Structure formats: C-alpha cells, structure tokens
1. Please find, among S30, S83, the residue that is small (G, A, S), over 30 Å from V118 (Cβ atoms) and in a helix (DSSP H, G or I).
2. Does F88 fit the bill of being out of contact with any Pro (no Cβ under 6 Å at 6 or more places or on another chain), surrounded by 11 or more Cβ atoms within 10 Å (Cβ to Cβ), aromatic (F, W, Y) and modelled with pLDDT under 95?
3. Could you tell me whether T63 is surrounded by 12 or more Cβ atoms within 10 Å (Cβ to Cβ), among the hydroxyl-bearing types (S, T, Y) and over 28 Å from I35 (Cα atoms)?
4. Return a yes/no flag: does the range 8-28 have any residue that is of a type in the set (S, T, Y), at pLDDT below 95 and out of contact with any Asp or Glu (no Cβ under 7 Å at 6 or more places or on another chain).
5. Which count do you get for residues in the range 48-71 that are free of Cβ contacts under 8 Å to residues at least 12 places away in the same chain, part of a strand (DSSP E or B) and under 19 Å from F88 (Cα atoms)?
6. Output the residues belonging to the range 91-110 that are aromatic (F, W, Y) and at pLDDT 95 or above.
Amino acid sequence: MPPKASQQQKKPDPQDVPIIFQRYRTELQSLAQKIGEIESEMEEHALVLSTLRPLTTSDPKRTCYRLIGGTLVKRSVEDVVPSLETNFSGIKEVLESLVKSYKGKEGEFEEWRKEMGVQMPR
C-alpha cells in the first residue's frame with residue numbers, strides 16, 4: 001500500500017520510489033478492472049429491465065426464469081422486476097462509489113508523483 005499521510009512527511013528512499021509508484025499503478029488498475037466488471041453487470045441488468053418493464057403492464061403473470069446463486073428459478077415478471085430494479089440501483093451505487101474511490105486514488109497518485117518529481121513513461 002502507498003505510504004500514509006504521516007509517512008509522507010519525510011521523503012522515501014530513492015529505492016522505494018519505484019515500488020510505491022508500482023503499488024499506486026496496481027491499485028488504480030485493479031479499481032479500473034472492477035469498475036469495468038460492474039459496468040458490464042449494470043448493462044446486463046439494464047437490458048433485462050428494458051425487456052421486462054413493458055411486460056409488467058401487458059402480461060405481469062408471464063413466466064420468466066432467473067438465475068439465483070447458480071440455480072435457475074421459475075418466476076413471474078411481476079415478481080422479478082422489483083428485485084431486478086433493487087439490484088440495479090445497488091449496482092449503480094457501488095459503481096459510483098468505486099468511481100469516486102478511483103478518482104481519489106488517482107488524485108493522491110498525481111499529488112505524490114509531483115511531490116516526488118516522478119515522470120510518467122509515455
């Protein structure tokens with residue numbers, strides 16, 4: 001993990017700078033990967049919801065299948081849509097939180113880079 005605020009008071013050894021730099025980059029990459037996974041999951045939920053929402057008024061008793069924990073469960077549209085909407089909003093909140101965390105970590109990294117005089121390879 002990158003140095004904490006109390007450790008940033010003194011400059012690290014020149015040998016530690018590349019290690020800290022790589023830790024920041026690894027953290028940013030893992031956050032970006034997780035954001036990508038969650039965006040994909042959110043798009044899947046949005047697609048299913050856009051398909052099922054019109055059916056809530058025209059045919060709410062229509063059978064649909066939902067995968068829950070590796071088990072395919074037979075439900076009706078009126079049962080599935082509310083839980084999908086709840087899941088969708090939860091995923092959206094998690095995504096917003098991760099993006100905020102990424103931006104914060106990116107700002108911290110930029111600040112550290114400027115403080116240490118580290119230049120990014122092009």
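1. Going through S30, S83 in turn, just one is small (G, A, S), over 30 Å from V118 (Cβ atoms) and in a helix (DSSP H, G or I): S83.
2. Details: out of contact with any Pro (no Cβ under 6 Å at 6 or more places or on another chain): yes; surrounded by 11 or more Cβ atoms within 10 Å (Cβ to Cβ): yes; aromatic (F, W, Y): yes; modelled with pLDDT under 95: no.
Judged against the criteria, F88 is not a match.
3. No: the conditions fail for T63.
4. Yes, the range 8-28 contains a residue that is of a type in the set (S, T, Y), at pLDDT below 95 and out of contact with any Asp or Glu (no Cβ under 7 Å at 6 or more places or on another chain).
5. 3
6. Y102
The values are calculated or read from the model by the stated rules, or taken from the named source; none is laboratory data. For clarity, every value in this text was computed on a predicted model and none was experimentally measured. Every residue, glycine among them, receives a Cβ derived from its backbone with ideal geometry; neighbour counts consider all protein chains shown.
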